[in-house]
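The values are calculated or read from the model by the stated rules, or taken from the named source; none is laboratory data. This structure is a prediction, so every number in the text was calculated from the model and none was measured. Every residue, glycine among them, receives a Cβ derived from its backbone with ideal geometry; neighbour counts consider all protein chains shown.
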Amino acid sequence: MPRPEIHNKDISDSVKLTPEMRTYSDSVLETNFVTERRKKSLQKPQDKLGAYRGDNKNKNIIKPATFDGQGSWIDYKSHFEACSSINGWTDTEKGLYLAVSLRGQAQGVLGNLPTDKRQTFIELVRSLEERFSPANQTELYRTQLRGASSKSFRKPS
């Protein structure tokens, strides 16, 4: 009469052990296998933004302020880069965080970019600099100031 087979679901559906085949090392291997499976099932998956990483899982994220195009782009960019350094963001993460921090006119720049470049940090910074930090902006402000002051000091005719 053949001996009944012992079916162990934790190892695999295809592995069947008879009592003669089971040894101490088999039970140790089985225990280790089950333990490793449980460990893997308890691990949290990493998200796309790296919010859960083994090295900073207890670290708070420093959120950058929003940028609406009214203030200085150079000042905001410095602030944003400080936040990204503290948080240890990758270029992909920096692009995503910068994109969601834009408001008002600055958000319009985001909308004008092609879809595939909206979350690319380098492309986004380049577009924002073109719009809010042109090379001759200082001269533009001087010209606007001269024009505004000359209009306000003219005598009515």
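What are the pairs, 6+ residues apart or on separate chains, where a residue within the stretch 47-76 that is farther than 30 Å from Glu130 by Cα has its Cβ under 7 Å from a residue that is modelled with pLDDT under 90 and loosely packed, with under 13 Cβ neighbours inside 10 Å?
Tyr52/Lys44; Tyr52/Gln46; Arg53/Gln46
Kindly provide the set of residues from the stretch 84-115 that are in contact with a helix residue (DSSP H, G or I) (Cβ under 9 Å, 6 or more places away or on another chain), in a helix (DSSP H, G or I) and surrounded by fewer than 13 Cβ atoms within 10 Å (Cβ to Cβ), ordered by number.
Listed by number, the residues that qualify are Asp91, Gly108, Asn112.
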